[in-house]
Amino acid sequence: RRTLVGVGLTWLFMLGLFLALLVAPKLQAPFNFEVLEGLLIGLPVVAITHRLPWTSIDRHLGNISYGVFLHHFLLIWLFEAMHLAAPAYLYLLCSVGLSALTYHFVERPFVALRHNLRQRYESSCSASHSQHNQHCANTAP
């Protein structure tokens, strides 16, 4: 119940900001409406869904979420550069697809490479003399 009260108050605050944007033209900077709309929609969704059990879909979406954030800027820029108008869901679908591809074919291989290099480095340090071990502890990658 406490969570719902907090979310309700936060949502009311965001709604107040949204209404302030409507009546105060000086506050109408680029993307202010879009950000507030996202908050008005996103906060209740997070509040309602945060207690649901995690699934493999949640884990996968969590893995690609930063890529979605990064790629959507690139996609908006590309679509605008090509003078293409697209609905928001198309940006989202393209961003999720591109993020899944870069996660599986770029990010995961580099994380695996980093783990392998670190493991090799740590095993070489443990096989060395104690003086060298002090150096290894201070310069771990």
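Scanning for something at negative phi, open to solvent by 100 Å² or more (accessible area, probe 1.4 Å) and β-branched (Val, Ile, Thr), does segment 44-65 turn up at least one residue?
There is at least one residue in segment 44-65 that is at negative phi, open to solvent by 100 Å² or more (accessible area, probe 1.4 Å) and β-branched (Val, Ile, Thr).
Within segment 39-53, which residues are closer than 18 Å to Gly6 by Cα and not polar (S, T, N, Q)?
Leu39, Leu40, Ile41, Gly42, Leu43, Pro44, Val45, Val46, Ala47, Ile48, His50, Arg51
Among what's in segment 22-43 and is within 25 Å of Ile76 (Cβ to Cβ) and among the β-branched types (Val, Ile, Thr), pick the residue that is surrounded by the most Cβ atoms within 10 Å (Cβ to Cβ).
Restricting to residues being within 25 Å of Ile76 (Cβ to Cβ) and among the β-branched types (Val, Ile, Thr), the top hit is Val35.
Inside segment 68-141, counting only helices (runs of 4 or more DSSP H) that do not spill past its ends, which hold 3 or more residues that are modelled with pLDDT of 90 or more and surrounded by 11 or more Cβ atoms within 10 Å (Cβ to Cβ)?
Per the criteria, 88-102, 108-126.
Determine, yes or no, whether Leu40 is touching a residue at least 24 places away in the same chain (Cβ under 8 Å), within 23 Å of the chain's Cα centre (by Cα) and under 29 Å from Phe13 (Cα atoms).
For Leu40, the condition - touching a residue at least 24 places away in the same chain (Cβ under 8 Å), within 23 Å of the chain's Cα centre (by Cα) and under 29 Å from Phe13 (Cα atoms) - is met.
Going by the structure shown, is Arg51 part of a loop (DSSP other than H, G, I, E, B), without any contact (Cβ under 8 Å) to a residue 40 or more places away in the chain and out of contact with any His (no Cβ under 9 Å at 6 or more places or on another chain)?
yes
The values are calculated or read from the model by the stated rules, or taken from the named source; none is laboratory data. The model shown is predicted, which means the values in this text are computed figures rather than measured ones. Please note: Cβ atoms are built from the backbone with ideal geometry, for glycine as well, and neighbour counts cover all protein chains shown. Just the protein is used for accessible areas: all its heavy atoms, side chains included, with ligands, DNA and RNA removed. Shrake-Rupley method; radii C 1.70, N 1.55, O 1.52, S 1.80 Å.
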